[in-house]
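Before any comments, here is the structure.
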Amino acid sequence: MKVFEQTESEVRSYCRSWPTVFSRAQGSRIYDESGRGYLDFFAGAGSLNYGHNHPQLKLKLLGYLVNDEIVHALDAYTVAKREFLETFRRVVLEPRGLDYKVQFTGPTGTNSVEAALKLARKYTGRETVVSFTNAFHGMTLGSLSVTGNSMKRGGAGVPLNHVFTMPYDNYLDGATPDFMLFERMLTDNGSGLDKPAAVIVETVQGEGGLNEASAGWLRSLADLCKRHEMLLIVDDVQMGCGRTGPFFSFEDAGIVPDIVCLSKSLSGYGLPMAVTLMRPDLDVWEPGEHNGTFRGFNPAFVTATAALAFWEGEGLREQTLAKGEAVAGALDALADEHDKAITGRRGRGLAQGLAFTDPPAAGRVCAEAFERGLLMETSGPDGEVAKLLPPLTITDRELAEGLDIVRESVAAALE
Ligand code: PMP
């Protein structure tokens, strides 16, 4: 069986090409032009937490367009932007006791990360940024240089001179690395480590293999940042907006980052939108110092506002945690059944997967799933994790159907 062939018009670096052409989608299902439906456990790599073409969001968007409201006005303040900001404050920030300024940093996740890195360096007047093994923060040169994956960097080099990579939680075969060595290096002149501006971390590494940081490890990291006056940046581009249950993936760990990156599912509709949240006193930008043409894409603000209203009303946190338990149960059973081929279940909430001893087996699972009408992709440095990322709005029935397909696909892939 061929695994994800290239389609004709795409450059080679685009790795994810299912051998069909898709034409429409609704909720958790996507259809190809022959009318064949697939359950979407890929969900735009986490950018479709509310599924495809959510009816409430669609109505808001259509009404907005029909009324000739502002689609594009660069960075200008608009009604749509104001409504998003007010709703974000009321639904997300205030109930969590959080106080952040919101900067609209671009159409896509990497723009949010670039702004965070640049701001941290400007605010502290320092250059070094600490990042982690298997981290993924984006494909532009700053975010790429804090990405812990040599293959993704390709021949592009490491443009930030000062990046210090630390082992992520559980990197050492299940052992939790403590920060003793790092702290020593921070305080010892002989270590050669310049005092860092910031530490950037994902709570669950979406692209890096669904490795999960424990709450305790995150708290130690946050304490360390505080003690040494380094800014803590949480990249919640993939795990934020409810993917792991709570709106922010870090909130149950009891940490309060200085800067937070959000994008992917923020617009709720797959429309491009990214923000960088910062502690109010970190806002040291001069006017015009960090801007860009498409940072005010108003249709995305409209669907984002509608998505937050939906978030507020639907108890998505509890539903996601419950669905995550169902996924965990199914994946644990598979890991037990195939304990030689599967090293374990990874991730939490509705970002979970199975890690395979032989990495190509994970790719075969995805290919078998495609044949059976389900889209999913691999994750991890060697593509060793078969990753499930269904929309949070998936029905229990669809989830059960999808998990049945995963079960059959694992059995077929390991035959
Ligand atoms: N950070 C994380 C954690 C991500 O998962 C991604 C995308 N997979 C990015 C940043 C970059 O986002 P984008 O592809 O939208 O630039």
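The values are calculated or read from the model by the stated rules, or taken from the named source; none is laboratory data. Here the structure is a predicted model, which is why all the values come from computation and not from measurement. A quick note on method: Cβ atoms are made from the backbone with ideal geometry, for glycine too, and the neighbour counts reach across all protein chains shown. Surface accessibility is based on the protein's heavy atoms, side chains included, excluding ligands, DNA and RNA. Shrake-Rupley method; radii C 1.70, N 1.55, O 1.52, S 1.80 Å.
Condition first: β-branched (V, I, T) and open to solvent by 10 Å² or more (accessible area, probe 1.4 Å). Now tell me which residues in region 340-358 satisfy that. Explain how you work it out, then say what you get.
If we filter region 340-358 for residues that are β-branched (V, I, T), which is where we start, we get 342-343, 357.
Of everything in region 340-358, those that are β-branched (V, I, T) and open to solvent by 10 Å² or more (accessible area, probe 1.4 Å) turn out to be T343, T357.
Considering only residues that are touching a His at 6+ places or on another chain (Cβ under 9 Å) and of a type outside the set (F, W, Y), which ones fall in region 300-321? Give the derivation first.
Step one: of region 300-321, the residues touching a His at 6+ places or on another chain (Cβ under 9 Å) are 303, 306-307, 310.
Within region 300-321, T303, A306, A307 meet the criteria.
Quick check on my filter: what residues within region 42-69 are open to solvent by less than 70 Å² (accessible area, probe 1.4 Å), assigned to a loop (DSSP other than H, G, I, E, B) and either at positive phi or more than 16 Å from the ligand (Cβ to nearest atom) (or both)? I'd like the intermediate steps shown before the answer.
Here is the first cut: in region 42-69, the residues open to solvent by less than 70 Å² (accessible area, probe 1.4 Å) are 42-54, 57, 61, 63-64.
From what's left, assigned to a loop (DSSP other than H, G, I, E, B): 42, 47-51, 53-54.
If the condition is that a residue be open to solvent by less than 70 Å² (accessible area, probe 1.4 Å), assigned to a loop (DSSP other than H, G, I, E, B) and either at positive phi or more than 16 Å from the ligand (Cβ to nearest atom) (or both), then Y50, G51, N53, H54 are the ones that fit.
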Residue list for region 282-339, restricted to those being closer than 30 Å to K118 by Cα, outside any loop (DSSP other than H, G, I, E, B) and open to solvent by 40 Å² or more (accessible area, probe 1.4 Å) = F297
ask   = Which of (1) over 23 Å from E212 (Cβ atoms); (2) part of a helix (DSSP H, G or I); (3) in contact with a helix residue (DSSP H, G or I) (Cβ under 9 Å, 6 or more places away or on another chain); (4) within 16 Å of the ligand (Cβ to nearest atom) does F104 not meet, given it meets every other one?
value = (2)
Filtered residue count, region 92-120, keeping only those that are out of contact with any strand residue (DSSP E or B) (no Cβ under 9 Å at 6 or more places or on another chain) and either among the acidic types (D, E) or open to solvent by less than 10 Å² (accessible area, probe 1.4 Å) (or both) = 3
task = Test A361 against the criterion of being among the aliphatic types (A, V, I, L, M), under 26 Å from T244 (Cβ atoms) and crowded, with 24+ Cβ neighbours inside 10 Å, and give yes or no.
result = no
note = Exactly one of G206, G192 is within 20 Å of S112 (Cβ to Cβ) and small (G, A, S), and that one is G206
